[in-house]
1. Counting Lys and Arg as +1 and Asp and Glu as -1, what is the net charge of the other residues whose Cβ lies under 10 Å from the Cβ of residue B:435?
2. Determine the alpha carbon to alpha carbon distance for each of B:188/B:223; B:127/B:150; B:185/B:242; A:42/B:71 and list only those over 22 Å.
3. Treating the beta-carbon of each Lys and Arg as +1 and of each Asp and Glu as -1, no other charges, what is the dipole magnitude of chain B about its Cα centre, to the nearest 20 debye?
4. Obtain the nm distance between the two label points defined at residue B:532 and residue B:71 by a simple spin-label model: each point lies 7 Å from its Cα along the Cα-to-C-beta direction.
5. Hey, can you grab everything whose amide H is under 5 Å from the amide H of residue B:150? Only 5+ residues off in sequence or another chain; H modelled, so Pro and N-termini drop out.
6. Testing the spin-label approximation: label points 7 Å from Cα along Cα→Cβ at residue B:228 and residue B:496. State their distance in nm.
7. Tell me the mean residue ellipticity at 222 nm calculated for the protein assembly as shown from its helices only (DSSP H runs of n ≥ 4, each -39500 (n - 2.57), averaged over every residue, nearest 500).
8. Could you work out the local net charge near residue B:59, counting Lys and Arg as +1, Asp and Glu as -1, over the other residues with Cβ closer than 9 Å to its Cβ?
Amino acid sequence: MNINLLDAPSNTELEVLEINAGHKAKARLISMGLHMGDKVLKYNENSWCPVLIRNVTLNSAKIAIGKRLAEKIMVRYEKP
Amino acid sequence: MKNPEIVLIGQPNAGKSTVFNVLSDIKAAASNFSGTSVEKFENDITIDGRVFHVIDLPGVYSLNPGDEAEKVTYAYLSEKKIDLVINVVDATQLARGLELTVELIEFGIPMVMALNMWDEAERKGLKIYPEKLEGFLNIPVVTTSALYGKGIKNLMNSCYNTIYNGNRPPAKLEYTSHIEENVGKIEKALSEHNTLISKNGSPRFYAIKAIENPQVVPETILKSIHDILEPIREDIRQTHKKDGHETISYERHHISMKLMEETSHFIDRKTVPFREKVDRYLLHPILGYFPLLAFFFLFFTVIYFTGNLLSDLAAVPIEKIPGLYAGLKSNHLFLWFTVDGIYQGLEGAVGIVLPYFLPLIFLMSVFEDTGYLSRMAFMLDGFMHKIGLHGKSVVPFILGFGCSVPAMYGVRIIENKRDRMLTAILLPFIPCSARTTVILAMTAALTGPLGAMFIYFFVIFLLAITGKILSLFMGKATGLVMEIPDLKIPSLKVSISKTRMKMKQFLKFAVPFLILGSIAMAWLEYLKINDIIDNVFAPVVKGIMGLPEILGSTLVFGFFRKELVLVMTNTAFGVKSIGEIPLSPEQVLVFVVFVTLYFPCFSTFVVMWKEFGKKVVFLSSVLSIVVALIAAFAVKIVLL
């Protein structure tokens, strides 16, 4: 199922499909290690805090992404 | 050969500053908190009788600079004389770290890799084979654990050998054939035009960058490839269905992934590590606020009580000193005023300021290394949005509790200009260690701990209101993208060394200021000039704030260093300890609120001017004075 990162479920492996952000934000995300095709794990449901993810493909540290930006990142996951 | 120039480059949190500190016995501000190093630090070190000039540059995720700190690194790398790069790579983030390594290899300066936090990577289940990595990259790879000083000697030996015993050419890490073909065309054109003479960096590096991100390529180079570059970028866009930046980034990502697969493997772990369990609690959207509140409470409580204890201990020997020069008062009045000025300055520095400053800088050093501060930024992002900022502004704000000067430099990590300016304007509202000393010392002596808590909450409330109002005129904040580094157990040795370094700076720069200020105040008193200053400020001090006129001149001195206010207040009232100051608890609160909020100190003023220009300094100064006056007046109306 395709969905944006903000609305995606937590504790489920998500595949990054597209980053529809502006050039600068996109470049920032890429340089911090978020690429199309990478698998990420989202830690938190929609809350007051930013979206918290970890790139499973890279075994990266956690990355906090503001909600508005998270809405622009499309991901895919397998519905159980 | 002149002293070789060695530059440390790595991604944020890779441990560059820790490597640098171990090399130079603690000089830079290192922490487990991205964005702590936002300016370059340098030092001469000696190995086997040879002197090396080592430079620690701000962390960069890639050679596509995004924020001001990254621009500093990129500019240095491309313009300055460099003999060797130490690429510090966080072994726990190997794949991502290798993306920068690939770029640095393309750049073409002799390089040694420090594979840092090597032990941490194994603990996290990543087994790396450094000899394989060395084989693939054809550069020396040295494993280090800088926090514990491990591997640093080997690293420097490797640097020594690379500089003096010959550098081997690094491996050529190839992109797909279509990209390579186009890079080759640009490289050829660059070689023909000979436009790279004044720049560091190989033709291959600039050829790749011209496709990936022409904005970072110097104009002279772009001019020489103007005719072929656009058709090449268009061809890549058509063929790869992505622009040059994305195409190169993805290909570099795949090169790094492949390198990682070839040189390491994951060991399956069945259980969630303890630190990860703790982290889930610290970052929990509801439960995470409890440790956050506990942190603030404990932080200031420990400083408050430790400061009180140390202050009482210091008072016993200090109070005996005035008796030694009391005889001067009858025969040599000017000399007595001068000696008493020196005493007041010393008494203020050792008996009042230092007892609170010491626990504060020690605790800051410990907490910086744990990685908890970036978790605070995460938890407070929602609140920051309400006041027109985002979580990344928490980074300089928290640094601001230590000192506003490095915090002002810390604003560089914020990418967006609007967010940077607003953060800088609000930053002087955060009570730095000097103002914390004033708050805690005065409230401890005259109002009790509730007074200190009131001031902190009131100041944060004012910061929020001011931010909200300013953001109405400045538009919305941009979104947050921030790395949350892994939690770490701080090294007591490193924390003590960092505290010692900050103490040295305090003794070197602040104490002379306190003594000279105190002498000046004593002379003003002797010449009765302070009466003139007090009269000038009387409408504000007495009229608006309801305080004795005598405090007017102390506020003038507070501009130079905020701790001076404490010393000057004692001198102005002619008392030997804060407890003897003839102010009511309510007056103390009014006075401390004003002192905390009005105008940043002289050093902050200078750095702010340098970083943001006179307009921002002017705006910030006027704003802080207006807010300080309104706040002090409001407290007076309510309490007096």
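Values quoted throughout were computed directly from the atomic coordinates according to the rules given, and no laboratory measurement underlies them. Computed from a predicted model, the values in this text were never measured in an experiment. So basically every Cβ, Gly included, is an ideal-geometry build from the backbone, and we count neighbours across all protein chains shown.
1. Spelling it out: positives minus negatives among the neighbours equals 0.
2. From B:188/B:223; B:127/B:150; B:185/B:242; A:42/B:71, over 22 Å: A:42/B:71.
3. 740
4. My value for the distance between the label points is 4.5 nm.
5. B:145
6. Output for this residue pair reads 6.1 nm.
7. Calculated mean residue ellipticity at 222 nm is -17500 deg cm²/dmol.
8. Every neighbour counted, the sum reads 0.
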